[in-house]
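**Student:** One structure coming up, written as structure tokens, with questions to follow.
The values are calculated or read from the model by the stated rules, or taken from the named source; none is laboratory data. A quick note: this is a predicted structure, and the numbers were derived from the prediction, not measured. Neighbour counts are summed over all protein chains in view; Cβ atoms, including those assigned to glycine, are modelled from backbone coordinates with ideal geometry. The area values use the complete protein model at the heavy-atom level, side chains included, leaving out ligands, DNA and RNA. Shrake-Rupley method; radii C 1.70, N 1.55, O 1.52, S 1.80 Å.
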Amino acid sequence: MDVNVEENLAALHKQLNGKTRLIAVSKTKPVKLLMQAYQAGQRDFGENKVQEMVDKYDQMPKDVRWHLIGHLQTNKVKYIAPFVHMIHSVDSEKVLRTIQKEAAKNDRAIPCLLQVHIAEEETKYGLSDEEIRNIASEKIIAAMPNVRIVGLMGMATFTEDQEQIKKEFRHLKSLFDEIKKMGLTGMEMKELSMGMSSDYQIAMQEGSTMVRVGSSIFGERVYPA
Ligand SMILES: *Cc1c(COP(=O)(O)O)cnc(C)c1O
């Protein structure tokens, strides 16, 4: 099936409000398609698997900013620590500690978002509000000088019910504002990563600063059986 990446990106950019950054989610898609997006000016790419991100990092130009958006196993942090631009999917204190260790080895600080569980589905990863409030403490953050927590990420329930989606995004935004107000040293609440192909318009209305859009750019994904 033919997909016009450049046209799709242009259509999306028309709808972005200037405050929201577009992360092109390229998981399962070939480098050839990513290069079409790159040539159209796209620099932020999102992948959900470490190995795939590393392979594409090797093949793509070096000014691409790589965003990890899928669940991250602690034993895989080391492969992306040298180059990853942002990890959106921090879902445990344990993975945060591993990121600290590997970022220190690479003599850098890695920007991270805490993933909040906002959907009704049980299957989606993420921390509860309480767990987020626990991690957002001077004591934990001070012990991680090579981790920069810069915001929150969330995925809404997969549903046609727009009100439900709006409610979940609004909840995430209010948690974001709550943490931001705490004004913790070493924790900069500036990015709110919410919105995908099916719900980015609602997410933008609710205050998203980054949308992670895949199929509306690269076409539907076909997973191997
Ligand atoms: C796949 C994925 C997206 C993009 O999904 P689309 O529906 O293709 O836009 C966004 N966020 C996460 C975490 C994903 O895994």
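**Student:** Taking into account only those residues within segment 165-182 that are farther than 13 Å from residue 133 by Cα and free of Cβ contacts under 8 Å to residues at least 40 places away in the same chain, which is least open to solvent (accessible area, probe 1.4 Å)?
**Tutor:** 165
**Student:** Moving to a separate point now. Identify the single condition in (1) within 16 Å of the ligand (Cβ to nearest atom); (2) of a type outside the set (D, E, K, R); (3) under 22 Å from residue 197 (Cα atoms); (4) in a loop (DSSP other than H, G, I, E, B) that residue 53 does not satisfy, given that it satisfies every other one.
**Tutor:** The single condition residue 53 does not satisfy is (4).
**Student:** Continuing with this model, one more query. If you go through segment 179-216 one residue at a time, how many are part of a loop (DSSP other than H, G, I, E, B), aliphatic (A, V, I, L, M) and either in contact with a Lys or Arg (Cβ under 6 Å, 6 or more places away or on another chain) or closer than 26 Å to residue 6 by Cβ (or both)?
**Tutor:** So the count comes out to 2.
**Student:** Which number in (1) in contact with a helix residue (DSSP H, G or I) (Cβ under 6 Å, 6 or more places away or on another chain); (2) away from the ligand (no atom under 12 Å from the Cβ); (3) not polar (S, T, N, Q) marks the one condition that residue 183 misses?
**Tutor:** The failed condition is (1).
So that you can scan it fast, the table gives a plain yes or no per residue for (1) open to solvent by less than 60 Å² (accessible area, probe 1.4 Å); (2) farther than 17 Å from residue 71 by Cβ; (3) in a helix (DSSP H, G or I); (4) of a type outside the set (Val, Ile, Thr):
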{"position": "97", "(1), (2), (3), (4)": "no, no, yes, yes"}
{"position": "122", "(1), (2), (3), (4)": "no, no, no, yes"}
{"position": "139", "(1), (2), (3), (4)": "no, yes, yes, yes"}
{"position": "163", "(1), (2), (3), (4)": "no, yes, yes, yes"}
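**Student:** On the given criteria, is residue 134 away from the ligand (no atom under 16 Å from the Cβ) and either modelled with pLDDT of 95 or more or crowded, with 20+ Cβ neighbours inside 10 Å (or both)?
**Tutor:** Values: away from the ligand (no atom under 16 Å from the Cβ): yes; either modelled with pLDDT of 95 or more or crowded, with 20+ Cβ neighbours inside 10 Å (or both): no.
It is false that residue 134 is away from the ligand (no atom under 16 Å from the Cβ) and either modelled with pLDDT of 95 or more or crowded, with 20+ Cβ neighbours inside 10 Å (or both).
**Student:** For segment 192-225, give me the residue count where each residue is surrounded by fewer than 16 Cβ atoms within 10 Å (Cβ to Cβ), aliphatic (A, V, I, L, M) and touching a residue at least 12 places away in the same chain (Cβ under 8 Å).
**Tutor:** The number of residues fulfilling the criteria is 1.
**Student:** Which condition breaks for residue 37 when tested against (1) in a loop (DSSP other than H, G, I, E, B); (2) within 14 Å of the ligand (Cβ to nearest atom); (3) not β-branched (Val, Ile, Thr)?
**Tutor:** Failing condition for residue 37: (1).
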